[in-house]
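Below: one structure, written as structure tokens.
The values are calculated or read from the model by the stated rules, or taken from the named source; none is laboratory data. Computed from a predicted structure; not experimentally measured. We place every Cβ from the backbone using ideal geometry, glycine too, and count neighbours over all the protein chains shown.
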Amino acid sequence: MARVPYLAKSDLKPADQDLLAREINLNRVLVNSPNGARAFSRLGGFIRNTSTLDPRLREMAILQVGYLAKSRYEYSHHIKIGREFGVSDDDIRALMAETAGHASKLEPLAQAVLAAAREMVTDLAITDETFARLKAGLSNEHLTDLVITVSFYCGVVRLLESLQVDVEDDYLHYLEEFPLPAE
């Protein structure tokens, strides 16, 4: 159970009810701070709707963050979202393999994106080698958007885990299909 209440539209001022256009548990927790929820949504909205980074690569980077952080909420939600943006089941299996140090059949740019996300999660920054691999396939704008995306989702997983946001029942099957690594 979350550490702060899950709010409903009826709990909010009329001017803030739009914040629950999607009544997922993350949003229901965030609206405990309506101004915080709006700020959070602006950057999240940029990443999802305005960034010019390839959406499949974006979602693979987000999945990598969720997988490494063992964030059940983030990972399960972005399996669903990732599929909507072209992430295949083989891509997810490749992410799992690469995280375990095994080879995959992913194209070099996707491998570099996953490596960058892993490095940012575990070592704070992208290595020079991985950065050079990314520069070979991404523009400066796309590269910056990738770093913004991974940075944002490093924060999102910490928010989810600190507030103990529950995974909705509709998303649990993704965790069975693609389990997170064991503790």
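Residue under question is ARG133, and the condition is that it be surrounded by 13 or more Cβ atoms within 10 Å (Cβ to Cβ), over 15 Å from ARG58 (Cα atoms) and in contact (Cβ under 8 Å) with a residue 24 or more places away in the chain; does it hold? Let's see the steps before the verdict.
Values: surrounded by 13 or more Cβ atoms within 10 Å (Cβ to Cβ): yes; over 15 Å from ARG58 (Cα atoms): yes; in contact (Cβ under 8 Å) with a residue 24 or more places away in the chain: yes.
So ARG133 passes the test.
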Give all pairs with beta carbons closer than 6 Å in which a residue from the stretch 29-43 that is modelled with pLDDT of 95 or more meets a residue that is surrounded by 14 or more Cβ atoms within 10 Å (Cβ to Cβ) and acidic (Asp, Glu); count only pairs at least 6 apart in sequence or on separate chains.
PRO34/ASP16
Select the helices (runs of 4 or more DSSP H) contained entirely in the stretch 1-83, then report the ones holding at least 2 residues which are surrounded by 22 or more Cβ atoms within 10 Å (Cβ to Cβ).
25-30, 55-69
Looking at the stretch 80-109, which of its residues are hydrophobic (A, V, I, L, M, F, W, C) and under 12 Å from LEU63 (Cα atoms)?
ILE81, VAL87, ILE92, ALA94, LEU95, MET96
May I ask you to list the residues in the stretch 145-181 that are part of a loop (DSSP other than H, G, I, E, B) and over 19 Å from MET1 (Cα atoms)?
PHE178, PRO179, LEU180, PRO181
So which pairs qualify, if the first residue must be in the stretch 7-25 and of a type outside the set (D, E, K, R), the second must be modelled with pLDDT under 95 and part of a loop (DSSP other than H, G, I, E, B), the Cβ gap must be under 9 Å, and the two must be at least 6 apart or on different chains?
none
Please enumerate the residues belonging to the stretch 90-114 that are part of a helix (DSSP H, G or I), in contact (Cβ under 8 Å) with a residue 40 or more places away in the chain and either of a type in the set (Gly, Ala, Ser) or surrounded by fewer than 21 Cβ atoms within 10 Å (Cβ to Cβ) (or both).
ARG93, MET96, THR99, LEU109, ALA110
Which residue, of ASP128, ASP166, ASP123, ASP145, is loosely packed, with under 11 Cβ neighbours inside 10 Å, out of contact with any strand residue (DSSP E or B) (no Cβ under 8 Å at 6 or more places or on another chain) and under 30 Å from VAL29 (Cβ atoms)?
ASP123
Residue match in the stretch 115-133 (condition: outside any helix (DSSP H, G or I) and acidic (Asp, Glu))
no
